[in-house]
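Every read-out reported here was derived from the displayed coordinates using simple, explicitly stated rules and does not represent laboratory data. What you see is a predicted model; the values in this text were computed from it and never measured. Cβ atoms come from the backbone with ideal geometry, glycine included; neighbour counts cover every protein chain shown.
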Amino acid sequence: MSLKKEYVIGCVGKPSSGKSTFFNSATDSTAKIGNYPFTTIEPNVGITYYTTKCPCKTYNVKCKPNYGMCKDGRRYIPIKILDIAGLIPGAYQGNGLGNKFLDDLRHADVLLHIIDISGTTNEKGEETLQYDPIKDHDWLCTELEMWIFNNIYTSWSAIIRKQKMGNISIFKILQSQFSGYGSNEAIITKLLDLMKLRDTTDLSLWCKEDIIFLVKIFIQVRFPFVLVLNKADKVNKNTSNNIIRIHEKYGDSCKIVVASSLAECFLKKMVKQSYIRYIEDDNDDSFSNKVTFVTSNDSGKLYNKDDEKPLKELDDKLKNRLENIKDMVLFRYGVTGIKEAINAAVELLDIIPVYPVRNIRYFTTNSNMKGVQASGSYGNIVGSSNIALQDCLLVKNGTTVRQLAKILGHDIDKNYLYAETIGCVKVADDQPLSNNLNIVKIITTKQINSV
């Protein structure tokens with residue numbers, strides 16, 4: 001299993017697909033937005049948030065995250081996101097800004113492919129009518145395949161010589177070839193399993209098609225995709241049909257989210273300017289972020305929840321824009337799709353939140369902190385009144401307690417003694433972490449300054 005402290009989501013797609021708008025709506029960033037190719041020359045780096053249920057609600061304690069936030073039991077866990085400049089067909093041959101864009105992808109663990117589902121931009125991002133967006137994912141995958149294939153194929157003779165010399169496993173051969181694309185032990189192990197490759201496999205018998213197939217399987221393992229069908233607010237006779245067709249073709253192999261990043265950007269702007277206020281369903285544990293909001297016209301709900309300021313009156317122009325968003329996006333899909341896409345990316349990586357604490361009785365990072373008696377669905381527990389569950393990190397589902405110690409740092413790993421979970425219950429070193437076991441205290445042989 002790969003042990004990482006940081007995971008990265010990459011946004012990819014052709015120019016003018018709404019990719020930078022998606023990035024801005026997910027991060028509240030100010031990436032340059034333009035309806036022309038290559039608006040984004042350098043990959044923009046931002047922070048977005050994975051939304052999940054916080055243990056504070058289950059155990060009836062008040063948490064105070066060091067990073068991210070918690071609102072009414074919804075934990076917003078920060079995760080890095082990259083906005084990578086638009087790809088066009090032939091990028092692996094140097095078209096557009098070519099290999100530089102492809103090279104930036106190496107830093108991402110999962111890819112959000114932002115697709116203009118309205119069909120109003122062609123493969124180069126130029127305005128058109130009735131373009132078939134189902135082509136976009138096909139040629140983007142081809143770009144990735146040919147980029148990696150060309151690099152590997154040029155050194156295939158050397159690979160064969162290495163294998164014939166003996167004393168080198170096929171695992172080491174492939175890890176050496178794919179290491180430049182962010183591969184790790186877990187990825188190569190899965191690749192070997194899917195391809196049914198053994199040390200006895202004779203690579204000298206492989207033809208071009210065999211190598212291309214190897215690259216295709218590697219990409220499936222290394223770069224999982226979420227297809228974000230963007231510009232769903234541009235309702236025309238083709239949009240709904242395009243959504244259905246993409247679900248039919250890719251629904252079994254990719255996660256698919258329908259989205260309107262433009263609508264999300266506008267709604268966030270209206271919230272910031274105190275024109276509207278979001279209403280979240282406290283009973284919604286799916287965190288689908290179904291959008292409901294109130295305006296100054298809604299009697300008895302005239303205050304912004306965050307600062308208690310009266311909501312501003314909407315002029316006719318703003319009213320019309322909000323009504324259009326309600327009709328074209330929220331009525332049809334219930335959501336803008338931005339948080340859904342981020343959550344889908346995190347879930348595709350099969351990573352879970354883990355809360356390391358110093359005091360397992362109070363869920364605090366201060367070993368001497370005393371709290372107040374609290375009760376939760378798991379029985380009576382003790383929790384801190386104001387600084388519980390401060391730290392949270394995302395790790396692979398199934399990471400063991402001992403592996404967590406290694407992730408937390410060299411000193412903790414070196415001085416590891418044992419671990420405890422809720423109720424001061426000792427946990428085995430090889431116990432896998434899960435959503436049901438994710439609050440952990442690690443006991444060390446000496447005091448460590450940081451968790």
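Once amide H atoms are placed 1.01 Å from N in the peptide plane, what residues at a sequence separation of 5 or more from Val226, or on another chain, have their amide H within under 5 Å of its amide H? It is Leu111, Leu112, His113, by chain and number. Can you pull the percent of Cα pairs in the range 149-221 with separation above 18 Å? Value for the range 149-221: 31 percent of Cα pairs lie more than 18 Å apart.
Put a dot 7 Å past each Cα toward the Cβ at Phe331 and Ser204; how far apart are the dots in nm? Taking the two extended label points, one gets 7.0 nm. Under the criterion of Cα pairs below 8 Å and six or more residues apart, the relative contact order for the range 84-194 equals 20 percent. When only Cα pairs below 8 angstrom with a gap of at least 6 residues are kept, the range 149-221 shows a relative contact order of 36 percent.
Computed from the C-beta positions of Asp72 and Gln273, the FRET efficiency with R₀ = 22 Å rounds to 0.45. Set the Förster distance to 45 Å, then compute FRET efficiency between Ser155 and Ser240 from the Cβ-Cβ distance, nearest 0.05. My answer for the efficiency is 0.45.
Provide the FRET efficiency to the nearest 0.05 for the Glu323-Asp28 pair, computing r from the beta carbons and using R0 = 22 Å. For R0 = 22 Å, the calculated efficiency reads 0.35.
Taking other residues whose beta carbon is less than 15 angstrom from the beta carbon of Gly68, and scoring Lys, Arg as +1 and Asp, Glu as -1, yields +3. Summing charges over neighbours of Arg402, with a neighbour being any other residue whose Cβ is under 11 Å away from its Cβ, gives -2 when K and R count +1 and D and E count -1. Can you tell me how the range 67-203 classifies by the Cα gyration tensor, rounded, prolate or oblate, using a/c under 1.5 as the rounded cut? Cα axes put the range 67-203 in the oblate bin. Summing Lys and Arg as +1 and Asp and Glu as -1 over all other residues whose Cβ lies under 10 Å from the Cβ of Ala388 gives a net charge of +2. When the pairs Lys80/Lys317; Lys234/Lys319; Lys14/Lys319; Lys62/Lys441 are compared against a 26 Å limit on Cα-Cα distance, Lys80/Lys317; Lys14/Lys319 fall above it.
The slack between Asn415 and Thr444, meaning 0.36 nm per residue of separation minus the straight C-alpha distance, is 9.9 nm.
The slack in the chain from Lys190 to Asp315, taken as 0.36 nm per residue of separation less the alpha-carbon distance, amounts to 39.3 nm.
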